Amino acid sequence: MNAANTLDAGAVPAALRDCERIGRTEGLAAGLAAALDGRDVAATAPGRYAALSAESVREMESVVVLKHGLADREDVVFAELPSPRPPAGPALAEIGALLAAVRLGVVRRTLDLAVEHLSARDCGGEPLIRKQLVTGAVADLIAEVELLREQIPGYRDPAALADLHTRIDELGWQVTKLFGAAGYIADHPVRALYVSALCANTWIGREGAGE
Amino acid sequence: MIELDARLRAVRDVSREAAEQLRALALAIDADPDAMEAHLDTEVYAMVRTSNTPARHRESLPGRPLRLLDEGNCLETVVGTLELARGDAGALLACPSPALAGVIVDLLGDERQRELFYTRLHGGRTWTFFAMTEPGRGSDATAMETRLEPDGAGGWLLRGEKRYIGNGARGGVGVVFARTGRSALSIRAVLLEPPHEAWHAQRLDMVGLRGAALSALRFDGVPVRGDMLLGEHLPVTRRGIWGAIETFNNMRIQVAALAVGTALAIAEYVAEHRKSAPGLPVALARAEAARELVYQAAARVLRDPDNSYLSCAAKLGATRMAVQTARWASGAMGPAGLLEHPLLEKWTRDVCAFEFMEGTGNIQRLHVAKGYLSGDADG
């Protein structure tokens, strides 16, 4: 896929749909690569480090990367960038929107796994998925996914984009909890949700947001 | 509001001083939780180990620049734990100490068993374990499958599996829960001293709080002498499951204290590096409110040890607050702030652990609602 390099005109919905689909079917690193496809990372990224797919970095020359135990296993690395960093502009906001779509796809991917897990596990002779607290949590999660998807097109407002990513962080945590303690083991698929939050930390400016 | 008396203030101050040493170990232990040898003679580890050991079972320590705490009640332990976690919860849980196993050995063990257990910990190179949770069963003790089979000679053979057991793979002495029959009263706690060829242990790679060294254990007929069952001298109703419930009531508040201590550490870290961060006063106010609730819950356990309402509410609220604080902090430090501040990044992973320890949020919710409906909110 070639995520549109600009999100003008009719390209927005298609590029966002593609990114969410890739995040869901292929995972975080593939989604990240799609969101950043054709973009000038060094000229756009807002912080000293920028999350990139490990594969895309292999094609670059002379990039210094910071590795992180969990991110490494998700094929995500952090490129070190020179200071000072450029001010936020439209190109960065577009990446923020595409990254949000990828992250929603990753939430869907792990939510599917959570539902499988909860259907297979019994407590008191009943599958966990039928416990009201669990059913309610799943319903809240997917309803929030539907809502947040509709917030992505408002990405040009920095506060709206920051709020969107913070709420996707929270969604990821709500999915993680559905796995119980298994969701705290580093080789479990929910690792992608921890790394997804770390990716957003590098690409999204939220220092102006309070509690 | 809980007013700390002179003794509690002393506990707080000693622990606050010791916490600095834990902070210094935090990143090294997170990077390699197995490389502990260089840290084991740290003063704070000797202090934590001996403070949690009843006076009559303590070793004599030369020097002792850090003051030792006397054997304390639940509130004193909570005040101390919270301050130590403000240093680093992962480094605290990596300490070879009596920990949860000590609570149950004190509760159910006879004098000889206590002596055996605590003597093994002298020197600070023996970790302990408390093995209750089973794969696929969470902490639902009534569904426990690990069993003790009679060996025909007055002893037992232990068979089954446990998972998410802190320090399990490196533990030298600890407690495993298993059943001798089908009823709830047949659930017993046994004292074990691995290794043994029928004892199989593997450390699990954790997302955070890696100092806790969660492990998976499998027992393929581990021999257990008859005199290693805890609680033989107690009435049948007070031998196994009762001890576990009492231990959990106590530990739940300790976990809440770990969450609050970590949240305070996070907020204070942001205050130090970005004094004007929006939301800082709110983050601090929330953490301080949670600290007060945790103190209140500990005081309530002292008055009414069987009532879990407030301790469950405290664990639920403190855990949620800690995760929120970490999320706020990761934004407050600006783009890539987590990668520029590895301690903060570590703590954003650590705070998630508290959700899964001593009962998840949903378990706490059920207890809180039950307590509220029974009038405990007015008690």
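Counting the residues of the range B:205-220 that are out of contact with any helix residue (DSSP H, G or I) (no Cβ under 9 Å at 6 or more places or on another chain) and either part of a loop (DSSP other than H, G, I, E, B) or of a type outside the set (A, V, I, L, M) (or both) gives 4.
The single residue among A:ALA101, A:ALA79, A:ALA114 that is in contact with a Leu (Cβ under 6 Å, 6 or more places away or on another chain), modelled with pLDDT of 95 or more and within 19 Å of A:PRO13 (Cβ to Cβ) turns out to be A:ALA101. Just so you know, in the range B:336-363 the residues that are assigned to a helix (DSSP H, G or I) and small (Gly, Ala, Ser) include one that is modelled with the lowest pLDDT, and it is B:GLY361. Being exposed (fewer than 14 other Cβ atoms within 10 Å of the Cβ) and part of a helix (DSSP H, G or I) holds for only one residue in A:SER119, A:SER56, A:SER62, and it is A:SER119.
Within the set B:ALA332, B:ALA336, the sole residue that is within 14 Å of chain A (Cβ to nearest Cβ) and touching a strand residue (DSSP E or B) at 6+ places or on another chain (Cβ under 6 Å) turns out to be B:ALA336.
Assessment of the range B:120-133 against the conditions (assigned to a loop (DSSP other than H, G, I, E, B), crowded, with 20+ Cβ neighbours inside 10 Å and within 14 Å of another protein chain (Cβ to nearest Cβ)) yields at least one matching residue.
Going by the conditions given, is A:LEU81 of a type in the set (A, V, I, L, M, F, W, C) and under 17 Å from the mean Cα position of the chain (by Cα)? In short, no. Within the set A:ARG103, A:ARG130, A:ARG85, A:ARG156, the sole residue that is surrounded by 15 or more Cβ atoms within 10 Å (Cβ to Cβ) and farther than 23 Å from A:LEU193 by Cα turns out to be A:ARG85. Listed by first and then second residue, the pairs with beta-carbon distance under 7 Å, at least 6 apart or on different chains, first residue in the range B:359-379 and without any contact (Cβ under 8 Å) to a residue 12 or more places away in the chain, second assigned to a helix (DSSP H, G or I), are B:ASN362/A:LEU133.
Summed over the range B:28-64, residues that are in contact with a helix residue (DSSP H, G or I) (Cβ under 6 Å, 6 or more places away or on another chain), over 21 Å from B:GLN113 (Cβ atoms) and touching a residue at least 60 places away in the same chain (Cβ under 8 Å) total 3. Restricting attention to the range B:294-335, the residues that are more than 17 Å from B:GLU76 (Cβ to Cβ), in contact (Cβ under 8 Å) with a residue 12 or more places away in the chain and in a helix (DSSP H, G or I) add up to 21. One residue stands out in the range A:159-171 among those that are surrounded by fewer than 20 Cβ atoms within 10 Å (Cβ to Cβ) and more than 9 Å from every other protein chain (Cβ to nearest Cβ): the one that is farthest from the chain's Cα centre (by Cα), namely A:ALA159. Answer with yes or no whether A:VAL145 is away from chain B (no Cβ under 14 Å), hydrophobic (A, V, I, L, M, F, W, C) and within 23 Å of B:VAL207 (Cβ to Cβ). Yes, satisfied.
Condition check: touching a Gly at 6+ places or on another chain (Cβ under 9 Å) and part of a strand (DSSP E or B). Does B:GLU149 satisfy that?
Yes; evaluated as a whole, the condition is true for this residue.
Restricting attention to the range B:199-213, the residues being at the interface with chain A (Cβ under 8 Å from one of its Cβ atoms) and either touching a strand residue (DSSP E or B) at 6+ places or on another chain (Cβ under 8 Å) or surrounded by fewer than 22 Cβ atoms within 10 Å (Cβ to Cβ) (or both) number 4.
Any chance the range B:332-340 includes a residue that's over 30 Å from A:ALA79 (Cα atoms) and of a type outside the set (S, T, N, Q)? No, every residue in the range B:332-340 fails to be over 30 Å from A:ALA79 (Cα atoms) and of a type outside the set (S, T, N, Q). If only residues of the range B:21-61 that are assigned to a helix (DSSP H, G or I) and of a type in the set (S, T, N, Q) are counted, the one that is surrounded by the fewest Cβ atoms within 10 Å (Cβ to Cβ) is B:GLN21. Within the range A:172-211, being in contact (Cβ under 8 Å) with a residue 60 or more places away in the chain, within 27 Å of B:THR133 (Cα to Cα) and more than 9 Å from every other protein chain (Cβ to nearest Cβ) holds for A:GLY172, A:VAL175, A:LEU178, A:PHE179, A:PRO189, A:ALA192, A:LEU193. Reported count of residues in the range A:199-211, each being surrounded by fewer than 24 Cβ atoms within 10 Å (Cβ to Cβ) and under 30 Å from B:GLN364 (Cβ atoms), is 3. Among the residues examined, B:LEU366 qualifies as within 12 Å of chain A (Cβ to nearest Cβ) and modelled with pLDDT under 95.
The values are calculated or read from the model by the stated rules, or taken from the named source; none is laboratory data. Computed from a predicted model, the values in this text were never measured in an experiment. Every residue, glycine as well, gets a Cβ built from its backbone with ideal geometry; the counts of neighbours run over all protein chains shown.
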